[in-house]
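Asker: My structure is below; once you've seen it, I'll send some questions.
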Amino acid sequence: MSGTLLAAAQGGFTDINPATIIWTWVSFGITFLILSKVAWPMLARKMEARELRIAEGLKKAEEAEARARELAAKQEQILEEARIQAQKFLAETRAMAENIKSEMINAAQQEIAELRERAKKEIALEQAQAVEDLKRATVELTLEASGRLLKRELRDEDHLRLAREVVEEVALTL
């Protein structure tokens with residue numbers, strides 16, 4: 001029994017007490033006034049400052065992104081210029097190498113032509129020398145043969161005349 005009385009005196013969870021409601025509203029009002037005068041303005045300032053920092057951060061990030069795009073465009077332009085210069089340098093180098101190659105080929109061909117001319121001249125000189133040696137040998141053989149045929153010695157004039165005749169005949173046959 002005492003348990004039931006105690007429960008009836010305390011009231012239930014769903015029982016509404018007007019004094020509690022009033023004191024709850026008074027506490028809420030005072031807390032609201034204090035918070036609205038002291039805490040909320042400070043919270044509002046901090047939130048505004050945070051909002052400004054975020055906005056500045058976003059602005060700086062956009063500026064950094066714009067600078068990064070600008071630098072990337074500049075870098076791409078510099079790379080393109082470097083590629084163009086490298087291609088131009090390669091083309092010039094190839095042209096120079098081609099010119100040097102042509103010059104070397106021309107010089108070699110000219111040297112070959114000179115060597116051929118020199119060889120032809122040397123051959124012609126050797127041939128002329130051989131012909132001259134052949135003529136001299138022919139004259140000597142002719143003189144020897146004619147001396148034997150005649151079994152006597154010829155005079156110098158006879159030798160010269162006979163030698164000229166033989167040389168002319170041999171020269172005509174060559």
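Asker: Please list the radius of gyration and Dmax for the stretch 19-173, considering alpha-carbon atoms only, with Å as the unit.
Answerer: 58.7, 186
Asker: Which number comes out as Rg/Rh for the stretch 27-99 once both Rg and the Kirkwood Rh are worked out on C-alpha atoms? Spell out each step's value before the answer.
Answerer: Working: Rg = 30.5 Å, Rh = 17.9 Å.
Using Cα coordinates only, the ratio equals 1.71.
Read the figures in this text as sums done on the coordinates, not as results from a lab. Everything quoted here is computed from the prediction, not taken from an experiment.
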